[in-house]
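Comments concern the structure below.
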Amino acid sequence: MDNTVSIPMSSITDTTIDKSIMKKNVQRCAMCNKKSVMNIECSYCHLLFCVNDRLPETHKCVSIHLSRKNNLVLSKVSTPKIDKL
């Protein structure tokens with residue numbers, strides 16, 4: 001028994017699919033500009049990078065130096081402890 005179904009070509013309508021729906025959400029690395037499905041956001045500069053450039057040292061992150069300076073300043077400004085009564 002043959003279970004194939006034949007559909008006449010006149011019944012098939014030509015549908016256009018919106019190309020924006022068809023595009024995948026592929027973003028590019030901010031350092032090397034490569035397309036990647038999985039990008040990692042830098043926690044210092046908040047830019048997207050590929051797996052190779054994900055570390056702040058590899059993409060020469062400027063924001064990491066600023067945050068380290070802020071941490072040093074905050075550690076130096078710590079208030080002296082008060083003696084307990």
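What is the extension gain from VAL26 to LYS84, computed as 0.36 nm multiplied by their sequence separation minus the C-alpha to C-alpha distance, in nm to one decimal?
Roughly 15.0 nm would be gained on extension.
What order do you get for 44-56, 27-39 when each peptide is scored by the mean count of other beta carbon atoms within 10 Å, highest first? Mind showing how you got there, number by number?
Numbers: 44-56: 16.5, 27-39: 13.8.
With the highest mean Cβ count within 10 Å placed first, the list reads 44-56, 27-39.
Residues with beta-carbon under 10 Å from that of ARG28, excluding ARG28: net charge, scoring Lys, Arg +1 and Asp, Glu -1?
So the surrounding residues net to +2.
Bear in mind these aren't lab numbers, they're just calculated from the coordinates by the rules spelled out. In this text the structure is predicted, and so the values were computed from the model without any measurement. Neighbour counts run over all protein chains shown; Cβ positions are idealised from the backbone, glycine included.
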